[in-house]
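What follows draws every value from the coordinates through simple rules; no lab data is involved. For clarity, every value in this text was computed on a predicted model and none was experimentally measured. Here the Cβ is made from the backbone with ideal geometry for all residues, glycine too, and neighbour counts use every protein chain on show.
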Amino acid sequence: MRVVQQDIATLDVDAVVNAANDHLWMGGGVAGALKRAGGDEIEREAKAKGPIKVGEAVVTGGGRLKARHVIHAAVMTQFVPRTSGDAIARATRSSLARAEEIGARTVAFPAFGTGVAGFGVEECAKVMVAEVRAHGGAVEEVVFAVRGDDAVRAFEAAAR
């Protein structure tokens, strides 16, 4: 595990994870950054696979991103932008399972639910790091691409 303060859309990894809503519409935040950098085809492909339940994840191509795949993990509903530790845990597990299915060795995650959903970054870091640690698959590296010094400190502390 490593933590970087970098735009997730710029990372050269096998898969990046989008903190999605259950309808897989890509508006602002992480989703917007991925759509702007990777192209509208990512959203078109995602929406064709939705809606999904909160906690589930689906995979699309990466469009023009360096990453070959985008894993869209629903951490909230489209119309109620709130989340919970349980939803974040399930979305992290589902994302790792989808990464295994596509043979991804390197996966980048944002801090789930800490934007529009308003979930606390310290609790998010604890939940996500615990799920990554518990995962016993073939993913070799997980990168947490976060924004802001507080998020970096929270994820680095959780990873220690």
Report summary line: Cβ-Cβ cut-off under 15 Å around Ala125, Lys and Arg +1, Asp and Glu -1: the net charge is 0
Report summary line: Charge dipole of the chain built from unit charges on the beta carbon (Lys, Arg +1; Asp, Glu -1), centred at mean Cα; most positive-end Cα among Thr114, Ala73, Gly27 is Gly27
Query raised in the report: Between Gln78 and Arg64, what is the label-to-label distance in nm when each label sits 7 Å out along the Cα-to-Cβ direction?
Result: 2.6
Query raised in the report: Antiparallel as a % of all DSSP beta bridges within the chain, to the nearest 5?
Result: 25
Query raised in the report: Ordered by residue, what ³J(HN,Hα) values in Hz, to whole numbers, does segment 19-31 give under the Karplus form 6.51 cos²θ - 1.76 cosθ + 1.60, where θ = phi - 60° and Gly and Pro are x?
Result: 7, 9, 9, 5, 9, 6, 7, 9, x, x, x, 4, 4
Query raised in the report: Size of the dipole of the chain about the Cα centre, Lys and Arg at +1 and Asp and Glu at -1 on the beta carbon, nothing else charged, in debye to 20?
Result: 140
Report task. Round to a whole angstrom and tell me the spacing of the C-alpha centers of segment 11-84 and segment 114-155. Result -> 17
Report task. Would you mind checking which residues have amide H under 5 Å from Ala67's amide H? H placed 1.01 Å from N; only 5 or more apart, or other chain. Result -> Val13
Report task. Starting from the Cα gyration tensor of the chain, multiply each eigenvalue by 5, take the square root, and state the resulting semi-axes largest first in whole Å. Result -> 20, 17, 15
**Report entry** Largest-first ellipsoid semi-axes for segment 30-122, taking √(5λ) over the Cα gyration tensor eigenvalues, angstrom
**Finding:** 20, 15, 13
Report summary line: The local net charge around Gly115, scoring Lys/Arg +1 and Asp/Glu -1 for residues other than Gly115 whose Cβ lies under 13 Å from its Cβ, equals +2
